[in-house]
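One structure is given below, encoded as structure tokens.
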Amino acid sequence: PFDLSQLDLIADLVRDLKAAHGPLYGLINNAALGTDGLLSNMHNSDIERLVRLNIQSPVILTKYVSRGMMLGGGGRIINISSIVADNGASGLSVYAATKASLLGFTRSLAREMGKLNVTVNAVAPGFMQTELTQGMTDAQRDKIAGRSALRRLVDVDDVAHAVSYLMSDGARNVTGTVLTVDAGNTA
């Protein structure tokens, strides 16, 4: 366990992980906050927490992990975004902004790291049964599921399988892309 909002300690975390486990080949930037609320009513400290954990921490963590990948001659970096990065959602403007920033980060970093045999991709899940959707009623979840082509919410395992694919040798020529796993919500 580690609090990724402690940006100044991330370099030590990576150093300790390498000491304990050897060179790091893969990084999945998955930690995030999903605070909802209208922007006009959000406290500045809530906005800062979202930006710190959802943008700054993955960028800084990637900085330190990617150094070892560069020296090792390869690796995989996967950023977990969201379909709201492209589609938006009322009450999630700051969350959507942070997830959209990960898409630009993914595409640009893919160009930087490609010549070093490091792939960089993103996965954009749709709505799933997670801590971020716990506050929804069954009716709200059913409404979201009803908008998708497959008439269901995404299962967490579906996203895990997408990440597993992007980490595999089968995805060695996939970089700078966004793999959407949303049961056809954005179709």
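The values are calculated or read from the model by the stated rules, or taken from the named source; none is laboratory data. All of these numbers come straight from a predicted model, not from anything done at the bench. Positions of Cβ are backbone-derived with ideal geometry, glycine not excepted, and every protein chain shown enters the neighbour counts. All accessible areas refer to the heavy atoms of the entire protein, side chains included, with ligands and DNA or RNA removed. Shrake-Rupley method; radii C 1.70, N 1.55, O 1.52, S 1.80 Å.
The table below gives the values:
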| read-out | value |
| --- | --- |
| Between region 132-187 and region 39-71, the Cα center-to-center distance that results, in Å | 22 |
| Net length gained if the chain between Asn117 and Arg67 were fully extended (0.36 nm per residue, minus Cα distance) | 16.8 nm |
| Region 34-81 - percent of accessible surface contributed by carbon and sulfur, probe 1.4 Å | 54 |
| Heavy-atom SASA rank of Tyr95, Tyr25 (probe 1.4 Å, accessible area, largest first) | Tyr25, Tyr95 |
| Solution diffusion estimate, µm²/s, Stokes-Einstein, region 49-158, Kirkwood Rh from C-alpha pairs, 25 °C, viscosity 0.890 mPa s | 159 |
| Mean separation of Cα contacts under 8 Å, 6 or more apart, over the residue count of the chain: relative contact order % | 22 |
| Residue among Leu50, Gly26, Pro1 farthest towards the positive dipole end of region 1-52, charges placed on Cβ | Gly26 |
| Probe 1.4 Å, protein heavy atoms only - accessible area per residue of the chain in square angstrom | 55 |
| Inter-label distance, nm, simple model (7 Å from Cα along the C-beta direction), Asp155/Ser45 | 4.1 |
| Modelled FRET efficiency - R0 41 Å, Arg147 with Leu13, Cβ distances, 0.05 increments | 0.55 |
| Cubic angstrom per residue, convex hull over Cα atoms of the chain | 123 |
| Loop-exposed trypsin sites (Lys or Arg not before Pro) per DSSP, neighbour cap 12 Cβ within 10 angstrom, longest uninterrupted part of the chain | 1-114 |
| Under the span-like rule (Cα at least 24 Å along the axis, Kyte-Doolittle mean at least 0.0), DSSP H helices of the chain | 93-114 |
| Antiparallel %, DSSP beta bridges [both residues in region 53-187], to 5 | 0 |
| Isotropically averaged projected area of region 1-75, using the convex hull of Cα atoms (one quarter of hull area), nm² | 5.5 |
